[in-house]
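Heads up, the thing below is written out as structure tokens.
The values are calculated or read from the model by the stated rules, or taken from the named source; none is laboratory data. Quantities reported herein were computed from a predicted structural model and do not represent experimental measurements. Note: ideal-geometry Cβ built from the backbone for every residue, glycine included; neighbour counts use all protein chains shown.
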Amino acid sequence: MNYFKTTLLLIALTLLLVWVGGMFGGRHGAIFAFAIAIGMNFFSYWFSDKIVLKMYGAREVSEQESPAYYGIVKELITDAGLPMPRAYIIPTNAMNAFATGRNPHHAAVAVTEGMLNSLKHEELKGVLGHELSHIRNRDILISTIVATVAGAIMLLADMARWAALFGGYGGRDEGESRGGGIAMLFLAILAPIAALIIQMAISRSREYAADKGGALMTGNPLGLASALEKLQQASMVRPMDANSSTAHMFIVNPLSGRSFAAIFSTHPPIEERIKRLRAMA
């Protein structure tokens, strides 16, 4: 059911992009927006993991460089029957983690130095189980496609806002031009909100599924529950310098230390996630 819901939401996000393009440039704008959606989905399928990892300065590590981290990943993928993902460390004292890639055979897990140095063994194992569950469920591809299409919608909406403000609407007379400008300004405000709502719906449903999958993978729901509690507290004290377009990829919202961003969080409430994990235990 979750996969069916995710598919519907992805279709809705793509159609929203086409609709924004149509409002901005008519039939040609809709075609152009659809071409952008196809192009961005293709590009994100092949290159998004490299872009995101480079964005955060992530460094790939070997088993010799980080034996504890590498050892946990190796243990979990052996039990789960998954291929070995590439292991990365993000050089920051903030505490967070994410997984990326296009499929289980081309995947990567990235954790921050702060998290590696602060979490206990069972807590780190819970976090890595969560991220490996994302890989097994192929959420990593879904999340990058959502990010790129939502980003394109926001870009077109931004263009519409500037066009409305500076009278760039090509109406036949002054009244039509004014009405079109107001419509475009209205669109520029609503389209990003609609994209964010769809993005939130997809991300939140997948986070609950990854929590459950990670807890089953490690056999210790309380380890992940304890880790989420610590990560949430750390994000309030030291929020990560993260891009809002990729915030939904992290295990906890890296922007949650910023009050306005927390209102539109792509993550479900930490308290509810912890409650569900404790119920599993």
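Laid out as a table, the results:
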read-out: In the stretch 30-64, the residues that are of a type in the set (A, V, I, L, M) and either free of Cβ contacts under 8 Å to residues at least 12 places away in the same chain or more than 22 Å from residue 17 (Cβ to Cβ) (or both); value: 31, 35, 38, 51, 53, 55, 58, 61
read-out: Residue identified as in a strand (DSSP E or B), at pLDDT 75 or above and either out of contact with any Ser or Thr (no Cβ under 6 Å at 6 or more places or on another chain) or closer than 29 Å to residue 255 by Cβ (or both) among 72, 31, 77, 89; value: 89
read-out: Residue in the stretch 96-107 that is without any contact (Cβ under 8 Å) to a residue 12 or more places away in the chain and farther than 21 Å from residue 56 by Cα present; value: no
read-out: Among the candidates 122, 131, 113, residue that is buried (at least 24 other Cβ atoms within 10 Å of the Cβ), charged (D, E, K, R) and at pLDDT 85 or above; value: 131
read-out: Flag if residue 198 is modelled with pLDDT under 85, surrounded by 18 or more Cβ atoms within 10 Å (Cβ to Cβ), touching a Leu at 6+ places or on another chain (Cβ under 8 Å) and at negative phi; value: yes
